[in-house]
Amino acid sequence: MASEILIKGMVCERCMTVIKEGITNLGHKVSRITLGKLSLNTDLSKDDLSIIETFLRENGFELISKKKVRIVDQAKALINEVFSENVRYDSQLRFSSLLSEKLHLNYDSISELFSELEGITLEKYIITKRLEKVKELLVYTKFSLTEIAYITGFSSINHLSRQFKELTGLSPSHFKAIKNTKLNLSGRSAKIM
């Protein structure tokens with residue numbers, strides 16, 4: 001049997017070396033180690049896990065429970081599902097309510113856990129996913145910017161434009177113009193051939 005341990009705070013080769021040596025010194029055979037994850041060749045008892053957790057804490061790392069990872073993964077899946085559908089975004093939808101209801105936790109706990117494990121806020125993740133949908137609509141549809149703002153739940157074109165520029169460095173209209181230029185160029189090259 002094998003055990004997998006998720007570890008917070010591993011950021012470099014040195015971290016992996018410290019953990020591998022420490023776990024080996026505790027009497028466990030490490031089968032694989034990557035940033036954030038340690039695989040052992042044996043099952044761990046509760047006592048073994050407690051000793052490993054103490055070792056990790058003493059060295060500036062933290063054991064991440066699989067339950068926490070599962071909650072964050074479920075939150076990401078719910079958010080992705082909302083933006084992957086080809087229906088109009090429901091402007092009445094509140095992610096705080098959706099996540100709390102589906103995950104049976106209060107939103108603040110979900111948000112805190114998300115930030116802890118992902119390194120970005122839940123709100124930033126939602127905005128990023130919303131703007132990915134905006135890019136998709138700009139590139140693959142003929143919707144106007146007003147329609148796209150409505151479809152993706154932005155309160156106004158200005159709000160959409162500000163968020164879009166902050167993330168991409170371009171305005172949505174400039175992004176769409178680049179797409180049109182590429183289409184025109186590819187259309188010309190197809191005619192030449």
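The values are calculated or read from the model by the stated rules, or taken from the named source; none is laboratory data. Keep in mind it's a predicted model, so treat the numbers as computed, not measured. As a convention, Cβ positions derive from the backbone with ideal geometry for all residues, glycine included, and neighbour counts pool all protein chains shown. Each accessible area value is taken on the protein alone, full model and side chains, heavy atoms only, with ligands, DNA and RNA left out. Shrake-Rupley method; radii C 1.70, N 1.55, O 1.52, S 1.80 Å.
A few points about this structure:
- Label positions at Ser173 and Glu132, each projected 7 Å from the Cα along the C-beta direction, are separated by 2.8 nm.
- Candidate lysines - alpha carbon under 27 Å from Lys66, same-chain residues fewer than 8 apart omitted: Lys8, Lys20, Lys29, Lys37, Lys46, Lys76, Lys102, Lys124, Lys129
- Per-residue ³J(HN,Hα) for the stretch 105-120, Karplus 6.51 cos²θ - 1.76 cosθ + 1.60, θ = phi - 60°, Hz, x for Gly and Pro: 9, 6, 4, 4, 5, 4, 4, 4, 5, 4, 4, 4, 8, 9, x, 9
- Contact order for the chain, expressed relative to its length and based on alpha carbon pairs under 8 Å spaced 6+ residues apart, stands at 15 percent.
- Of Glu21, Glu112, Glu123, the one that fluctuates the most in a GNM where the chain has Cα springs shorter than 10 Å: Glu21
- The string of couplings for the stretch 17-30 from the Karplus curve (6.51, -1.76, 1.60, θ = phi - 60°) is 5, 4, 5, 4, 5, x, 5, 5, 5, 7, x, 10, 8, 7 Hz, one whole number per residue in order, with x for Gly and Pro.
- Between the residues Cys12, Thr24, Pro172, the greatest Cα displacement towards the positive end of the dipole of the chain, with unit charges on the Cβ of Lys, Arg, Asp and Glu, is found for Pro172.
- The chain - charge dipole about Cα centre, Lys and Arg +1 at Cβ, Asp and Glu -1, debye rounded to 20: 1140 debye
- The 3J(HN,Hα) values that the Karplus relation (6.51, -1.76, 1.60; θ = phi - 60°) gives for the stretch 137-149 are, in residue order, 5, 5, 7, 9, 10, 9, 4, 6, 4, 4, 5, 5, 4 Hz. Gly and Pro appear as x.
- Which labelled figure in (i) 21.1, 64; (ii) 17.1, 59; (iii) 22.9, 72 is Rg and Dmax of the Cα atoms in Å, once derived from the coordinates: (iii)
- Per residue, in Å², the accessible surface of the stretch 9-120 once ligands and nucleic acids are set aside, probe 1.4 Å: 63 Å²
- Degrees separating the helix 157-168 axis from the principal Cα axis of the chain, which is the longest one: 50 degrees
- Between Lys37 and Lys67, the contour length at 0.36 nm per residue exceeds the alpha carbon distance by 9.3 nm.
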